[in-house]
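Bear in mind that the values in this text are calculations on the coordinates, not laboratory data. Please read all numbers here as calculations on a predicted model, not as lab measurements. Cβ placement follows ideal geometry from the backbone for every residue including glycine, while neighbour counts extend to all protein chains displayed.
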Amino acid sequence: MKILGIDPGSRVTGFGLIDANKLKFNYIASGCIRTTGELTVRITTIFIEIDEIIKKYQPEVVVIERAFMRPDRPNPDAAIKLGHARGAIIVATGVNAISVVEYSPNQIKKAVLGRGHAAKEQVSYMVQKSLQLNTAPQADAADALAGAICHAYHCL
């Protein structure tokens with residue numbers, strides 16, 4: 001099963017694609033979509049780039065990290081921008097007739113690390129080891145790959 005994980009962000013959106021066969025994972029691709037400019041330009045860029053990634057790699061499912069707002073530092077403006085980015089991603093998957101699955105950050109970390117709270121560096125390290133990569137992926141790409149791995153554990 002080809003799984004595309006996406007870590008949404010209005011400025012940096014990470015993506016990672018794996019092929020999962022039972023509990024064997026093969027790395028296909030990963031990277032970050034970096035956007036600049038006004039919000040509408042950034043959201044349009046995210047939509048176009050995700051659409052191109054889906055067309056190029058043809059995943060069977062897309063995993064997206066569920067929105068999370070820290071209770072100790074609520075930032076409604078950031079949450080709204082993240083919602084726009086998630087919307088662009090969901091629409092890009094919808095127009096390509098790909099199903100979307102959502103997991104919370106804690107669910108993803110628990111699947112990859114065995115516990116729901118971990119630093120980005122720990123997630124990156126475990127993704128690198130799980131996929132037998134020579135170097136650690138970029139932080140946002142590692143989070144996206146972790147989402148794909150999480151889904152593989154849940155559905156296979």
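General observations
- Helical contribution to [θ] at 222 nm, DSSP H n ≥ 4, -39,500 (n - 2.57), averaged over the chain, rounded to 500: -16000 deg cm²/dmol
- Taking all Cα pairs closer than 8 Å and separated by 6 or more residues, the relative contact order of the chain comes to 33 percent.
- Those trypsin sites (Lys or Arg not before Pro) in the range 33-128 that DSSP places in a loop and that have at most 10 other beta carbons within 10 Å: 115
- For GluC sites (Glu not before Pro), the sites in the range 55-156 that DSSP calls loop and that have at most 16 other Cβ atoms within 10 Å are 60.
- Comparing the range 2-155 with the 2.2 N^0.38 Å rule of thumb, its C-alpha radius of gyration ratio is 0.97 (two decimals).
- When both the range 1-69 and the range 94-139 are represented by their alpha-carbon centers, they are found 12 Å apart.
- Which listed pairs, of 81/129; 2/81; 22/110; 24/81; 81/120, have C-alpha distances above 27 Å, in listed order: 81/129; 2/81; 24/81
- Basic side chains Lys and Arg get +1 at the Cβ, acidic Asp and Glu get -1 at the Cβ, and with that the dipole of the chain about its Cα centre reaches some 360 debye.
- Secondary structure note: in the range 2-155, about 65% of the DSSP beta bridges are antiparallel.
- By the rule of a C-alpha distance below 16 Å, with chain neighbours fewer than 8 residues away ignored, the aspartates and glutamates paired with residue 56 are 19.
- The residues packed around residue 81, meaning those with a beta-carbon under 14 Å from its beta-carbon, carry a net charge of +1 if Lys and Arg are +1 and Asp and Glu are -1.
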